[in-house]
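Everything below concerns the one structure shown next.
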Amino acid sequence: MEEIISKLLSGGAEILDIPSDLRDLAISRYEDVGNWLGTTGGPAWLVYPQGSFRLGTVVAPFSPSGGYDIDLVCWRDLAKESTTQDGLKSMVGEMLDEYMRQKNLEGGDGPTKIAASRRCWTLSYPEHDFHLDVLPAIPDREHDEPTSILLTDTSLVRWQHSNPIGYARWFRDQSAEMRSVLEKMARADNVAEVPEYRVRTTLQRLVQVLKWHCGVRFAADPENRPPSILITTLAARAYGGESDLYSATLLAVQRMPQFIEHRDNGAWWVPNPVHESENFADKWNDYPQRRVKFLAWLKDITTLLEDAARMRGQGLEEVVARLGKSFGMDPIEKAARRYGDEMRGLREAGSLSIATGTGLLSTSGGRLVRNHSFYGSHGQ
């Protein structure tokens, strides 16, 4: 049963993942932005991806009009003393506005709109179902890690610390499977390093499954939905190297609470593993109900997975119905159809068996299932 649940979860996460052609298009668009800034503004400009896109943990938006959200850092080589948060954000916004104007004059493939939010500028590409969130940043020269940055935030007085490049390296290091796959690809391509977004390993699928379930669970309560970075960090810390997605997910949600700190000053804390002064659970201290709802969500998904595993002998339709109630029926049903097609192919190849005691189709032993010719008793 666990193997079947893993197939359904993995299939659903694949369906909700950003399509490879759209991923490559988004890469070409942000590289174009970076090249234009470097050519127009000089070499002190740099654009690179961060967040779920960089980590390979993207899931489809949960609102029909949302579009895929691609997070970028727009790095400007400036000393903190030479600018302000408002000044930096305005500078980046003016450059991006000029970029959009130039692309439109050329009749090119630029964004259709630019809009400001609290921390970033959003470049919209509605015809391609994605947008680029561009976060202005400068070097954090007071921190030992050379990839550390300072971020703008119009609602706060102080600069915000971060390190997306260092975080991606840390995330990779949590999975021996990911390191192995990426190293093999690097050797095959004869390059120094392959980006995480090129592969999908158990840890990445685990994070996608949790974000998927969380998005459905908090669809009517978006203000209290746990941030993606909090889920990703706790999941990566809790991941024990399991190879099947069911076990990896269940064990991770059971272990995640032990990585939540309650410090002597009473603050709840989930530190950024590459910048200890950044607290991914900071909002819990201002809004205590968010921590309560986070823990309730963990309990909910734990119960779901345990219940599904106990449905031995009840058939695939019942398992799909149980998972679909919490994950949404559409992706689970699509994953089930893919699973059915896969099993049909294995049966036709003579590699499919019925698991003893459950009656469920399996590839891991049991009574061999004979192929069907569909010609009837009189044959050809």
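Would you check which residues across the range 80-98 are of a type outside the set (D, E, K, R) and more than 13 Å from residue 121 (Cα to Cα) and list them? Correct list: 82, 83, 84, 85, 87. Close contacts from the range 1-17, counting a first residue that is outside any helix (DSSP H, G or I) and a second that is modelled with pLDDT under 95 and surrounded by fewer than 21 Cβ atoms within 10 Å (Cβ to Cβ), with Cβ to Cβ under 6 Å and a gap of 6+ residues or different chains, come to 1/309; 1/312.
When 118, 172, 141 are screened for being of a type in the set (D, E, K, R) and surrounded by 13 or more Cβ atoms within 10 Å (Cβ to Cβ), only 172 passes. Screening the candidates 162, 175 for the property of being touching a residue at least 24 places away in the same chain (Cβ under 8 Å), closer than 24 Å to residue 305 by Cα and of a type in the set (Ser, Thr, Tyr) yields one hit, 175. Being at pLDDT below 90 and either in a loop (DSSP other than H, G, I, E, B) or more than 24 Å from the chain's Cα centre (by Cα) (or both) is a property that residue 143 has. For the range 66-97, filtered to residues that are free of Cβ contacts under 8 Å to residues at least 60 places away in the same chain and of a type in the set (Val, Ile, Thr), the residue that is nearest to residue 137 (Cα to Cα) is 92. Across the range 206-236, the qualifying residues are those that are more than 21 Å from residue 325 (Cβ to Cβ) and of a type outside the set (A, V, I, L, M), and the one among them that is farthest from the chain's Cα centre (by Cα) is 223.
Residues are listed down the side, and each one gets a yes or a no for (1) surrounded by fewer than 19 Cβ atoms within 10 Å (Cβ to Cβ); (2) outside any loop (DSSP other than H, G, I, E, B):
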| site | (1), (2) |
| --- | --- |
| 210 | no, yes |
| 214 | no, yes |
| 223 | yes, yes |
| 241 | yes, no |
| 249 | no, yes |
| 253 | no, yes |
| 256 | no, yes |
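For beta carbons closer than 8 Å, sequence separation of 6+ or different chains, a first residue in the range 267-279 that is not assigned by TED's automatic domain parsing to the domain that holds residue 145 and a second that is of a type in the set (Val, Ile, Thr) and crowded, with 16+ Cβ neighbours inside 10 Å, the qualifying pairs are 268/260; 269/260; 270/233; 270/260; 272/233; 273/233; 279/270. Residue check: residue 264 meets all listed conditions (1) surrounded by fewer than 21 Cβ atoms within 10 Å (Cβ to Cβ); (2) at pLDDT 95 or above; (3) within 22 Å of residue 161 (Cβ to Cβ) but one, namely (2).
Contact map, the range 303-330: first residue basic (Lys, Arg) and at pLDDT 90 or above, second residue surrounded by fewer than 18 Cβ atoms within 10 Å (Cβ to Cβ) and in a helix (DSSP H, G or I), Cβ cut-off under 8 Å, separation 6 or more or different chains; pairs are 322/307. All conditions but one from (1) over 17 Å from residue 61 (Cβ atoms); (2) of a type in the set (Val, Ile, Thr); (3) under 25 Å from the mean Cα position of the chain (by Cα) apply to residue 112; the one that does not is (3).
Under the condition of being closer than 30 Å to residue 210 by Cβ and of a type in the set (D, E, K, R), which residue from the range 43-97 is surrounded by the fewest Cβ atoms within 10 Å (Cβ to Cβ)? Residue satisfying both the conditions and the ranking: 69.
The values are calculated or read from the model by the stated rules, or taken from the named source; none is laboratory data. In this text the structure is predicted, and so the values were computed from the model without any measurement. For neighbour counting, all protein chains shown are included, and Cβ atoms are generated from backbone atoms with ideal geometry for every residue, glycine included.
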